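One structure below.
The values are calculated or read from the model by the stated rules, or taken from the named source; none is laboratory data. Remember, it's a predicted structure, so these values are computed and weren't measured experimentally. Don't worry about glycine lacking a Cβ; one is built from the backbone with ideal geometry, like all the others, and counts go over all protein chains shown. Only protein heavy atoms, including side chains, enter the accessible area calculation; ligands, DNA and RNA are left aside. Shrake-Rupley method; radii C 1.70, N 1.55, O 1.52, S 1.80 Å.
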Number of protein chains: 2
Amino acid sequence: MEKFTRNQRVAAITKMLIENPNKVINLNTFTEILNAAKSTVSEDLVIVKDTLNRLSMGRIDTISGAAGGVKYVCGISNEEKMDFVEELCIILRNKDRIIPGNFLYMTDVMSNPYIIRKAGLILASAFNDKKVDYVVTVETKGIPLAYEVAKMLGVQLVVFRRQAKFTEGSTVTINYVSGSNGRIQNMSVSKKAIKENSKCIFIDDFMKAGGTARGIIDLLKEFNCELLGMGILIDNVAIPKKLVNDYVSIVDFNGISPEGNAVLMPSKKFK
Amino acid sequence: MEKFTRNQRVAAITKMLIENPNKVINLNTFTEILNAAKSTVSEDLVIVKDTLNRLSMGRIDTISGAAGGVKYVCGISNEEKMDFVEELCIILRNKDRIIPGNFLYMTDVMSNPYIIRKAGLILASAFNDKKVDYVVTVETKGIPLAYEVAKMLGVQLVVFRRQAKFTEGSTVTINYVSGSNGRIQNMSVSKKAIKENSKCIFIDDFMKAGGTARGIIDLLKEFNCELLGMGILIDNVAIPKKLVNDYVSIVDFNGISPEGNAVLMPSKKFK
């Protein structure tokens, strides 16, 4: 088998690490694919590590021991973060987005891979240092964002359904009260979907009063699971009284102005 | 500003390309971030290009002209593809997955980023050379897979809903007949979600008789849109008569054997 040059090994190693965020890759994987000695691969890894550090593009962590190796931990520079959030606010302020009932049309945004990748990166970065077992969300609009966060954290996504489905086997269903209109709603999940005593984060597209978030906490309790944190793309700050406190968000939405403009700005909860 | 070494530039360029599949990146983006001459960056790109080629990890295309630059086009080696599909069959054959009604529990698989990334890569690779404007799917289970394919192809995802929502503005709704049980169902999408005369592919988790696929074609006709192709994770070949013909799939499911085992193998439609 042919050898690779250092440059080529660096390109291949970077690709394999970036594509598997938060997954420990044993050095043997690289030595086999690249036909190189462990010491050589270790030197290659120093180059990748330094580059990501210098450009604030995340980091490479080394895990020692028998099951050890290296892993890519996602990250984003403050500059790139602020540029993205400003850009997102401009996209969301488009007058065509205001639909009857003074709702903001954002379905396209929630399914736009360019936007969701960056939003997912920002939210995942906020939970990088917690030991998360599952990312949970409730269908439908927030699924791509929650999937992106789960992928960045290298963990399983769990989607709670509005109704139990027969393709899910035995399910656990709870009722919860929507915080904004007081209606009773359902949330359901397969018993197979979550292991007891796990640690979860909740990711969603939009926060009104936080009734859904309270429902998530209740449903997780049925599995003796703990909610470590919440990440939201858009926080409706026009509803100041929330049923939950501890969450991160990216954009604040403060309703429609008398002039008919959507009032949007980078979230105050956003660092 | 400090200079970067060739190795460091190669690492940074690889990361930026891999994270933006099918998006043309102008060489100026690299020269600015890496403080290097265009000729230098061009040489770096040759290294990245050669490495991906040699390892069958996708390719780098050069686009000439004023709006030109380079882009990463996803790809997977036949060996990696076959290893993954065999592994997926083993996961799906687990006896615990058979639930009342002889359904296969696969919700966890459809929300597992490791599985969905590879499945998405395989399906996206089948449509790399078509000019796709949208990836469409119908809620709920197939959304992560469809999102992953849309991301790999660098295009917008559109999720069709079972019911029109007031947060979607004006919607178009069609009725279609489920191919397996003959029931009439709805499918709905915001009028804002799709531009007329676009080219789409449909991605879903499971194919029975193909009634949903027929519904997708009908709903796309309302927008004068063309369906270029379909990609399915699991094809239920126990229902041999399909309402649609032209699709790619990854795994064939041939029902539950008399011994109570799910019969699963790499799809015959899978090359």
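Can you tell me which residue in the stretch B:75-93 is nearest to the other protein chains (Cβ to nearest Cβ), limited to those that are without any contact (Cβ under 8 Å) to a residue 24 or more places away in the chain and closer than 30 Å to A:Thr171 by Cα?
My answer is B:Glu87.
Within the stretch B:156-167, take every residue that is without any contact (Cβ under 8 Å) to a residue 24 or more places away in the chain and more than 13 Å from B:Asp204 (Cβ to Cβ) and give me the one that is farthest from the other protein chains (Cβ to nearest Cβ).
B:Lys165
I need every pair where a residue in the stretch A:126-155 that is facing chain B (nearest Cβ under 10 Å) and touching a residue at least 60 places away in the same chain (Cβ under 8 Å) has its Cβ under 7 Å from the Cβ of a residue that is of a type in the set (Lys, Arg) and surrounded by fewer than 23 Cβ atoms within 10 Å (Cβ to Cβ), sequence separation at least 6 or different chains.
That search, which allows pairs on different chains as well, returns A:Lys151/B:Arg117; A:Gly154/A:Lys23.
Being among the aromatic types (Phe, Trp, Tyr), within 19 Å of B:Ala193 (Cα to Cα) and modelled with pLDDT of 95 or more is the filter here, so list the residues in the stretch A:84-120 that pass it.
Correct list: A:Tyr105, A:Tyr114.
Within the stretch B:244-264, track down each residue that is in contact with a strand residue (DSSP E or B) (Cβ under 6 Å, 6 or more places away or on another chain) and open to solvent by 70 Å² or more (accessible area, probe 1.4 Å).
B:Asn254, the sole residue that qualifies.
So which residues in the stretch A:64-83 are open to solvent by 30 Å² or more (accessible area, probe 1.4 Å), under 25 Å from A:Asn26 (Cα atoms) and modelled with pLDDT of 95 or more?
Listed by number, the list holds a single entry, A:Lys71.
For residues that are outside any strand (DSSP E or B) and either out of contact with any Cys (no Cβ under 9 Å at 6 or more places or on another chain) or away from every other protein chain (no Cβ under 14 Å) (or both), tally how many sit in the stretch B:58-74.
Adding up the residues that qualify gives 6.
Go through the stretch B:188-271 and tell me which strands (runs of 3 or more DSSP E), entirely inside it, have 1 or more residues that are without any contact (Cβ under 8 Å) to a residue 40 or more places away in the chain and at negative phi.
B:226-236, B:248-256, B:262-266
Filter the stretch B:139-190 for residues that are open to solvent by 20 Å² or more (accessible area, probe 1.4 Å) and among the acidic types (Asp, Glu) and give the result.
B:Glu139, the sole residue that qualifies.
For the stretch A:7-35, enumerate the residues that are part of a helix (DSSP H, G or I), touching a helix residue (DSSP H, G or I) at 6+ places or on another chain (Cβ under 6 Å) and within 23 Å of B:Ile13 (Cβ to Cβ).
Within the stretch A:7-35, A:Asn7, A:Gln8, A:Arg9, A:Val10, A:Ala11, A:Ala12, A:Ile13, A:Thr14, A:Lys15, A:Ile18, A:Phe30, A:Leu34 qualify.
Inspect all residues belonging to the stretch B:166-182 and state whether any of them is among the hydrophobic types (A, V, I, L, M, F, W, C) and in a helix (DSSP H, G or I).
Among the residues of the stretch B:166-182, at least one is among the hydrophobic types (A, V, I, L, M, F, W, C) and in a helix (DSSP H, G or I), which makes the answer yes.
Please go through (1) surrounded by fewer than 23 Cβ atoms within 10 Å (Cβ to Cβ); (2) out of contact with any Lys or Arg (no Cβ under 7 Å at 6 or more places or on another chain); (3) not aliphatic (A, V, I, L, M) for B:Phe202 and return the number of the only condition it doesn't satisfy.
Status for B:Phe202: all satisfied but (1).
Go through the stretch B:9-44 and give me each residue that's free of Cβ contacts under 8 Å to residues at least 60 places away in the same chain and within 15 Å of A:Ile18 (Cα to Cα).
B:Val10, B:Ala11, B:Ala12, B:Ile13, B:Thr14, B:Lys15, B:Met16, B:Leu17, B:Ile18, B:Glu19
Report yes if some residue within the stretch B:156-163 is more than 22 Å from A:Glu148 (Cβ to Cβ) and more than 20 Å from the chain's Cα centre (by Cα); otherwise report no.
yes
If you check B:Lys118, B:Lys141, which single one turns out to be assigned by TED's automatic domain parsing to the domain that holds B:Tyr247 and in a helix (DSSP H, G or I)?
Going through B:Lys118, B:Lys141 in turn, the sole match is B:Lys118.
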